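Single-structure report; data block below.
The values are calculated or read from the model by the stated rules, or taken from the named source; none is laboratory data. All values reported here derive from a predicted model rather than from experimental measurement. As a convention, Cβ positions derive from the backbone with ideal geometry for all residues, glycine included, and neighbour counts pool all protein chains shown. Calculation scope for accessible area: heavy atoms of the full protein, side chains included, ligands and nucleic acids excluded. Shrake-Rupley method; radii C 1.70, N 1.55, O 1.52, S 1.80 Å.
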Amino acid sequence: MPTLAVIGTQWGDEGKGKVVDYLAGEADVVVRFQGGNNAGHSVKIGEELFKLHHLPSGILRPGKLAVIGNGVVIDPGVILKEIEDIQARGKGADNLRISDRAHVIMPYHKLLDGAEERLREGAKVGTTGRGIGPAYADKAARLGVRMGELVDEPLLRNRMDFLVPLKNKMLEALGSDQRVDGKKAFEDYAGYGRSLKPFITDTGSMISEALSKGRKVLFEGAQGTMLDIDHGTYPYVTSSSTISANAAAGAGIPPTAMGAIIGVVKAYTTRVGAGPLPTELHDETGERIAEKGGEFGTTTGRTRRCGWLDLAVLRYSHSLNGFTGLALTKVDVLGGLDEVKVCTHYTVDGKRLSSFPPDMRTLERVVPVYRSFDGWDDLEPARLEDFLNGGLARLPRSMRYYVGFLEKEIGVPVHLLGLGRRRSELLDLRRERW
Ligand code: GDP
Ligand code: IMO
Ligand code: MG
């Protein structure tokens, strides 16, 4: 299959960046298709750590085309800074292309994000504050500004002359004392447009052409399935469609062009921000996992809530995404625990739930039923090489059992196994390369 999509199965931060960076070695094109700089994808190559928010993880591989598709929302000041930062670290951005149809995060979107959150007393989403929700809302309301307009100064002026006063009135109505200075905002954004112009193009037709030439296209999902605007834990979700079906629409190619779909599963569950997390741990084990797994947000630095792996979530995620393989990450983080638990299903009022509940009142009431597994020892750094070269057979028996149980329960094979943060610390169990 010429395409491969990498999708978060849980609430984000599963390790998509690392998996994409690894698979990008086999790809010709890497495409982001939704989300914005609410994403934070960490990639560790040797001792070097890269934290990417806007740029596709493929940017770190010279010679690969890195594309930001039409389904993404872009903060132009932030992406320019990110480009400068990676250039300063010796990585080029000549291979970057940005869709002319992608929407622009405007200064008022960030102010509105904060103002709306402040009003949602008792029901805060805990957004990243990056203006994502208001930018997607304006796209749907046909009040958005697209990247193609950002580079057309007279058109941009026209749009901003109408939009800035309108949004300032909304800020006032929401009780915010912040306002956007229209003149300064126009100067800033026109400048961003001039700097970004060389990257902006019709990326959909570029991807189609690459596919027609038999090139391999890798899709990099952001956020996770449970944060999907339709299927996630609404309203505690992000504002885009995070599932595999949106990879085609968010890149501008037909769904018939899509091939394999890898679901990235963290060996436990984390969530940043508000909303139900049925397997959440409020004890020392949870703290220990957060500490050892470095579970602090790549984007906002907030501590991620941690819990046991949840098969109710993963089955639901598979039913929405149609995974052909899984990438199981951070198995090493569970090392050293005597016991590892997995939620096999939920009950409500003593009855087993057969499908994932759509409403948060039910999800807050579910009782997770656990199965317990023997833990495994920490993977000693000195033996890691041995594990990575020796394949599954060299891994601790209880870890293999855990992996096998998961494969059987979800009904999808584990293709990649994450045993550490670095690009090299990934066990590739695929029978065939992509
Ligand atoms: P993403 O948003 O899905 O790309 O994930 P993040 O990068 O936000 O968070 C995942 C974190 O786990 C990052 O700090 C990664 O460097 C790290 N990571 C990824 N895979 C592994 C793994 O297999 N083992 C360990 N120990 N860390 C990992
Ligand atoms: P990656 O790509 C984890 C969460 C926020 C908040 C909710 C809505 O790194 O996996 P938003 O700013 O999108 O309106 O916030 O979604 N959220 C993420 N959580 N990983 C992410 O991205 C996230 N992007 C958004 O914490 O709860
Ligand atoms: Mg992240």
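For ARG400, only one of the following conditions fails: (1) touching a Lys or Arg at 6+ places or on another chain (Cβ under 9 Å); (2) surrounded by 14 or more Cβ atoms within 10 Å (Cβ to Cβ). What is its number?
(1)
Looking at THR225, THR233, can you tell me which residue is open to solvent by less than 10 Å² (accessible area, probe 1.4 Å), closer than 29 Å to PRO2 by Cβ and among the β-branched types (Val, Ile, Thr)? Outline the logic, then answer.
Values: THR233 fails: closer than 29 Å to PRO2 by Cβ.
Among THR225, THR233, only THR225 is open to solvent by less than 10 Å² (accessible area, probe 1.4 Å), closer than 29 Å to PRO2 by Cβ and among the β-branched types (Val, Ile, Thr).
Mind telling me which of the residues GLY17, GLY58 ends up being within 11 Å of ligand 2 (Cβ to nearest atom), in contact with a strand residue (DSSP E or B) (Cβ under 6 Å, 6 or more places away or on another chain) and part of a helix (DSSP H, G or I)? Let's see the steps before the verdict.
Working: GLY58 fails: within 11 Å of ligand 2 (Cβ to nearest atom).
Testing whether each residue is within 11 Å of ligand 2 (Cβ to nearest atom), in contact with a strand residue (DSSP E or B) (Cβ under 6 Å, 6 or more places away or on another chain) and part of a helix (DSSP H, G or I) leaves just GLY17.
Taking helices (runs of 4 or more DSSP H) that fall entirely within segment 128-241, which contain at least 3 residues that are of a type in the set (Gly, Ala, Ser), under 19 Å from ILE74 (Cβ atoms) and outside the structural domain of TYR22 (by TED's automatic domain parsing)?
Numbers: elements: 132-140, 147-150, 153-173, 182-196, 203-212.
Ranges flagged: 132-140, 182-196.
Say we look at segment 5-28 and pick out the residues that are open to solvent by 10 Å² or more (accessible area, probe 1.4 Å) and more than 14 Å from ligand 3 (Cβ to nearest atom); which of these is nearest to the chain's Cα centre (by Cα)?
Among residues in segment 5-28 that are open to solvent by 10 Å² or more (accessible area, probe 1.4 Å) and more than 14 Å from ligand 3 (Cβ to nearest atom), the one nearest to the chain's Cα centre (by Cα) is TYR22.
Would you call GLU84 in the same structural domain as ARG215 (by TED's automatic domain parsing), open to solvent by 30 Å² or more (accessible area, probe 1.4 Å) and out of contact with any helix residue (DSSP H, G or I) (no Cβ under 6 Å at 6 or more places or on another chain)?
Working: in the same structural domain as ARG215 (by TED's automatic domain parsing): yes; open to solvent by 30 Å² or more (accessible area, probe 1.4 Å): yes; out of contact with any helix residue (DSSP H, G or I) (no Cβ under 6 Å at 6 or more places or on another chain): yes.
So GLU84 fits the description; yes.
Name the residue that is nearest to ligand 2 (Cβ to nearest atom), counting only residues in segment 274-318 that are free of Cβ contacts under 8 Å to residues at least 24 places away in the same chain and open to solvent by less than 20 Å² (accessible area, probe 1.4 Å).
Residue satisfying both the conditions and the ranking: ALA290.
Scan segment 398-412 for residues that are under 18 Å from GLU380 (Cβ atoms) and touching a residue at least 12 places away in the same chain (Cβ under 8 Å) and report the count. So that I can check it myself, show each step before the final result.
Residues of segment 398-412 under 18 Å from GLU380 (Cβ atoms): 398-400.
Subset that is touching a residue at least 12 places away in the same chain (Cβ under 8 Å): 398-399.
Total satisfying the criteria: 2.
Among the numbered conditions (1) under 16 Å from the mean Cα position of the chain (by Cα); (2) farther than 20 Å from TYR346 by Cβ, tell me where THR269 comes up short.
Every listed condition holds for THR269 apart from (2).
Looking only at segment 108-136, which residues are open to solvent by 30 Å² or more (accessible area, probe 1.4 Å), more than 30 Å from VAL29 (Cβ to Cβ) and in contact (Cβ under 8 Å) with a residue 60 or more places away in the chain? Don't jump to the end; show me each part of the working.
Kept after step one, since they are open to solvent by 30 Å² or more (accessible area, probe 1.4 Å), are these residues of segment 108-136: 110-111, 116, 118-124, 127-130.
Imposing the further condition that a residue be more than 30 Å from VAL29 (Cβ to Cβ) reduces the set to 110-111, 116, 118-124, 127, 129.
Matches in segment 108-136: LEU111, ALA123, LYS124, THR127, GLY129.
Given the options GLY46, GLY25, GLY36, GLY71, name the one that is modelled with pLDDT under 95 and more than 11 Å from ligand 1 (Cβ to nearest atom).
Selected residue: GLY46, the only one of GLY46, GLY25, GLY36, GLY71 that is modelled with pLDDT under 95 and more than 11 Å from ligand 1 (Cβ to nearest atom).
Going residue by residue through segment 367-380, is there one that turns out to be touching a residue at least 24 places away in the same chain (Cβ under 8 Å) and either part of a helix (DSSP H, G or I) or not assigned by TED's automatic domain parsing to the domain that holds GLY232 (or both)?
Within segment 367-380, not a single residue is touching a residue at least 24 places away in the same chain (Cβ under 8 Å) and either part of a helix (DSSP H, G or I) or not assigned by TED's automatic domain parsing to the domain that holds GLY232 (or both).
Matching residues to (1) within 16 Å of ligand 3 (Cβ to nearest atom); (2) at positive phi:
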{"site": "GLU220", "(1), (2)": "yes, no"}
{"site": "GLN223", "(1), (2)": "yes, yes"}
{"site": "LEU227", "(1), (2)": "yes, no"}
{"site": "HIS231", "(1), (2)": "no, no"}
{"site": "GLY263", "(1), (2)": "yes, no"}
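Take the residues in segment 249-273 that are without any contact (Cβ under 8 Å) to a residue 24 or more places away in the chain and either in contact with a helix residue (DSSP H, G or I) (Cβ under 7 Å, 6 or more places away or on another chain) or basic (Lys, Arg) (or both); name whichever of them is most open to solvent (accessible area, probe 1.4 Å). So that I can check it myself, show each step before the final result.
First pass over segment 249-273, keeping only residues without any contact (Cβ under 8 Å) to a residue 24 or more places away in the chain: 254-256.
Then drop every residue that is not either in contact with a helix residue (DSSP H, G or I) (Cβ under 7 Å, 6 or more places away or on another chain) or basic (Lys, Arg) (or both), which leaves 254-255.
Working: PRO254: 69, PRO255: 101 Å².
Among residues in segment 249-273 that are without any contact (Cβ under 8 Å) to a residue 24 or more places away in the chain and either in contact with a helix residue (DSSP H, G or I) (Cβ under 7 Å, 6 or more places away or on another chain) or basic (Lys, Arg) (or both), the one most open to solvent (accessible area, probe 1.4 Å) is PRO255.
Taking ASN246 as meeting all but one of (1) within 15 Å of ligand 2 (Cβ to nearest atom); (2) out of contact with any Cys (no Cβ under 6 Å at 6 or more places or on another chain); (3) within 23 Å of MET360 (Cα to Cα), write down the number of the exception.
(3)
Could you please let me know if ALA210 is away from ligand 1 (no atom under 16 Å from the Cβ) and open to solvent by 10 Å² or more (accessible area, probe 1.4 Å)?
In short, yes.
Yes or no: segment 164-179 includes at least one residue that is over 24 Å from the mean Cα position of the chain (by Cα), surrounded by 21 or more Cβ atoms within 10 Å (Cβ to Cβ) and more than 22 Å from THR3 (Cβ to Cβ). Explain how you work it out, then say what you get.
First, pick out the residues of segment 164-179 that are over 24 Å from the mean Cα position of the chain (by Cα): 164-179.
Right, trim to surrounded by 21 or more Cβ atoms within 10 Å (Cβ to Cβ) and you get 167.
This time we only want the ones that are more than 22 Å from THR3 (Cβ to Cβ), so: 167.
So far as segment 164-179 goes, yes, one or more of its residues are over 24 Å from the mean Cα position of the chain (by Cα), surrounded by 21 or more Cβ atoms within 10 Å (Cβ to Cβ) and more than 22 Å from THR3 (Cβ to Cβ).
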